[in-house]
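Working notes, structure below.
The values are calculated or read from the model by the stated rules, or taken from the named source; none is laboratory data. Because the structure is predicted, anything quoted here is derived from the model rather than measured. Cβ sites come from the backbone with ideal geometry, for glycine too, and all protein chains shown count toward neighbours.
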Amino acid sequence: MSQSTGIFGLSIDFKRRSATELQGELSQLLKTLQRFQVPATFATSAPGCDGVAEKLRGESLRHELAILADNSWVGPHVGRTHFARELAQRVEMANAHRATVRTLAITDSDLSSNLDLLVKHRISVVRSPLYTGFQPQSLRFGVWQAPISFTLPSKGRWQLGGTEWAINRALTRASRAQGLVHLVVDLETLRDRTELATLERILATVHRRRSKGQVATVTMQGLVARLAPQRQAASGRSVLRVA
């Protein structure tokens, strides 16, 4: 990451309802993202088959598509074969619709094994609700874990000053420490005009800070593009100490 520049990442999840049922919310969100020039990573359980890829393809911003996974096929209780089959089906589904996926977003579990299967499908980012905070973590095989810093709707961790206040403070820290602030939004919650207004104010803050050179906005793949060179440089400097 560049000197004194924080990173802001925005992820949008299609949960509980099909993307078709949320076309109005999606259209409004895309207009908002265009206004503030903030790219996002859109996670869906049926990448390429629900119209989301086509919608994103028409945008001038370089949004990304991700696979949204639940504990029916991800988690410690799921066998390797079942996980491999489900993952392959979704990647093939996306490829058939000329959509590229590089991120696996997990809704309610964790992925601690089978990382080699992600590499087989060129997936380089894992996002789990069990990993929170502001620092990405390098796993194995070139796969990165992206932490969740904040969510909309809020999980109640920031009741004192509200999510907007907390994100603003986090962006200040990120700009000083070259950290990441990653906001994950459930698209359905934007049916609530109050939540939509909250998101708009957050994006306005990000836009203002970016114009001052304090923050860069990235998708999850863009995050990896920034982190991987750092990892390689660090490895090169410490090659004599690595067993």
For the stretch 199-214, which residues satisfy the criterion of being buried (at least 20 other Cβ atoms within 10 Å of the Cβ) and either at pLDDT below 95 or over 19 Å from the mean Cα position of the chain (by Cα) (or both)? ARG209
Every residue from the stretch 182-222 that is in contact with a Pro (Cβ under 8 Å, 6 or more places away or on another chain), part of a strand (DSSP E or B) and within 22 Å of LYS155 (Cα to Cα): HIS182, ASP186
Quick one: ASP108 ticks every box in (1) touching a helix residue (DSSP H, G or I) at 6+ places or on another chain (Cβ under 9 Å); (2) charged (D, E, K, R); (3) part of a loop (DSSP other than H, G, I, E, B) bar one, so which box is it? (1)
Mind checking which residues of the stretch 86-106 are surrounded by 19 or more Cβ atoms within 10 Å (Cβ to Cβ) and not hydrophobic (A, V, I, L, M, F, W, C)? ARG90, ARG102, THR103
So THR44 passes all but one of these: (1) crowded, with 19+ Cβ neighbours inside 10 Å; (2) of a type in the set (S, T, N, Q); (3) farther than 23 Å from ILE7 by Cα; (4) touching a residue at least 40 places away in the same chain (Cβ under 8 Å). Which condition number does it fail? (4)
